[in-house]
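Please treat every number below as a calculation from the coordinates, not as lab data. What you see is a predicted model; the values in this text were computed from it and never measured. Using ideal geometry, Cβ is built from the backbone for each residue, glycine included, and neighbour counts are taken over all protein chains shown.
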Amino acid sequence: MDFRFTDEQAQFRDSVRRFAERHLAPGARERAHQAGYPWEVARSMAAQGLLGITLREADGGQGGSLIDAVIAIEQVAAACPRSADVVQAGNFGPIRVLAEYASQEQKDRFLKPLLKGEAVISVGMTEPDAGSAVTELKTSATPDGDGYRINGSKVFTTHSAYAGVILAYVRFGPGVEGIGSVLIDMKAKGVRKGKASAFMSGEEWTELVFEDVRVPNEMVLLGAGGFKKQIAGFNVERIGNTARSLALGRYAYERARQWAMQRRQFGKLLCEFQGLQWKFADMKLKLDAGQLLLYRAAANADRGFPSAEETAIAKAYCNQAGFEVANEALQVMGGLGYSQEELLEYCLRRCRGWMIAGGSIEILKNRIAESVFERSFPQRA
Ligand SMILES: Cc1cc2nc3c(=O)[nH]c(=O)nc-3n(C[C@H](O)[C@H](O)[C@H](O)COP(=O)(O)OP(=O)(O)OC[C@H]3O[C@@H](n4cnc5c(N)ncnc54)[C@H](O)[C@@H]3O)c2cc1C
């Protein structure tokens, strides 16, 4: 067992860090409060080879491993927390599911602009009546000639305000076996954006309404019976959420650590008060423990999908740890930490969302309990 990066990984880490410090650190605070998608960051990351890190070279990717993509998220977030979302979108989210299961035609049409940083894809799973119980989704795919008619709606979809295509979970028939997915072009007739809203993080989302949207057979990603494959791919997205939770917690910790070594009160540096030293010790414990769980889940996946159990353990722990560390770091910086002069309040708000998004902590703990007792616990009444 070796807890160090390989030479190649260390070189990659250092080169991403240099790129991030040079191109992303300037303007990091403004970017965190800007609406919309940071397209200029996406394009510069594409040029740097940071989109499609884990995708096959034949598909326009870099042929790297999941741990490489995690390293990229960490190094980018350390310089610009908001830009870590671009690493997520270009490596961990629905782009990875698309690359895994798409036909050549689907890849040609959708993957290329995503990898150039010119478009973004959303995953539409959640519906007004299907949140944690996602298999209760109602959006229907009804056969119609050489394709399907899609009817239904999706809520809370990240990037929905500006995505070009939606990887939508749909129902081809009853039960879990009836669930699959289609690619819906946002310009297609019958796609409507409902009420616009925003999360506590500032990220915009809009309700997506599908009214008799015609989807040809060629735009079906996975037909009926595809749910398990989709969720296996979704575990990659969870690893990205896990990595960002920890990375934003670490960003806040690092800023507070620097502050504690320069800010004086009562004639002493903050770091000289034992009450604050113990806060830092607790933060460090959480960050290091979370890091090991994250790297275990990512490293064991290598070039495949991560294990559901290791992902659940890493995500549940790191979501909590990232939030708690950001919260304590903010406390250490006092009024300045609570102010938009610094990015700690932003990190705290973002970390809060990942405790809900991509499988809430409670739902992940349900999954962990199933591993503990080696049996399933159906949640349905
Ligand atoms: C920042 C953010 C980004 C998101 N991005 C996307 C996206 O891109 N695409 C998408 O499809 N969705 C997205 N979502 C939606 C997200 O997946 C759902 O919010 C999540 O699955 C929870 O569903 P819900 O909000 O309906 O809560 P509910 O399912 O109503 O749950 C409410 C509470 O009850 C708890 N709970 C529910 N069932 C159980 C149970 N069996 N045992 C114990 N506790 C339980 C939950 O953990 C939660 O705390 C996003 C959400 C957020 C916050």
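Worth a mention:
- Taking the stretch 134-178 as the range and being in a loop (DSSP other than H, G, I, E, B), farther than 21 Å from F110 by Cα and more than 8 Å from the ligand (Cβ to nearest atom) as the test, the residues that pass are L137, K138, T139, G145, F172, G173, P174, G175.
- Cross-chain or 6+ apart pairs with Cβ under 8 Å, the stretch 272-284 first and in contact (Cβ under 8 Å) with a residue 60 or more places away in the chain, then of a type in the set (S, T, Y): none
- Residue pairs meeting the criteria (Cβ under 6 Å; at least 6 apart or on separate chains; first over 10 Å from A89 (Cα atoms) and near the ligand (Cβ under 6 Å from one of its atoms), in the stretch 119-133; second of a type in the set (A, V, I, L, M) and outside any strand (DSSP E or B)): M125/V134; T126/V155; S132/I363
- In the stretch 45-66, the condition of being assigned to a helix (DSSP H, G or I), under 22 Å from S160 (Cα atoms) and out of contact with any strand residue (DSSP E or B) (no Cβ under 9 Å at 6 or more places or on another chain) is met by at least one residue.
- Some residue of the stretch 301-313 being surrounded by 17 or more Cβ atoms within 10 Å (Cβ to Cβ) and more than 23 Å from I67 (Cα to Cα): no
- Answer residue from the stretch 134-158, given it is among the charged types (D, E, K, R) and free of Cβ contacts under 8 Å to residues at least 60 places away in the same chain and is nearest to G353 (Cα to Cα) among those: K154
Per-residue answers, yes or no, for (1) of a type in the set (S, T, Y); (2) surrounded by fewer than 20 Cβ atoms within 10 Å (Cβ to Cβ); (3) within 19 Å of V123 (Cα to Cα):
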residue: Q48; (1), (2), (3): no, yes, no
residue: G52; (1), (2), (3): no, no, yes
residue: G61; (1), (2), (3): no, no, no
residue: A69; (1), (2), (3): no, no, no
residue: A77; (1), (2), (3): no, no, no
residue: G93; (1), (2), (3): no, no, yes
residue: R96; (1), (2), (3): no, no, yes
residue: S103; (1), (2), (3): yes, yes, yes
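- Scanning the stretch 92-118 for residues that are within 16 Å of the ligand (Cβ to nearest atom) and in contact (Cβ under 8 Å) with a residue 60 or more places away in the chain yields F92, G93, P94, R96, V97, L98, L114.
- When the residues of the stretch 327-381 are filtered to those that are among the small types (G, A, S) and within 15 Å of the ligand (Cβ to nearest atom), the one that is farthest from the chain's Cα centre (by Cα) is A381.
- In the stretch 177-195, residue surrounded by the most Cβ atoms within 10 Å (Cβ to Cβ) [restricted to those that are within 22 Å of the chain's Cα centre (by Cα) and β-branched (V, I, T)]: V182
- Residues (surrounded by fewer than 22 Cβ atoms within 10 Å (Cβ to Cβ) and assigned to a loop (DSSP other than H, G, I, E, B)) located in the stretch 120-133: T126, P128, D129, G131, S132, A133
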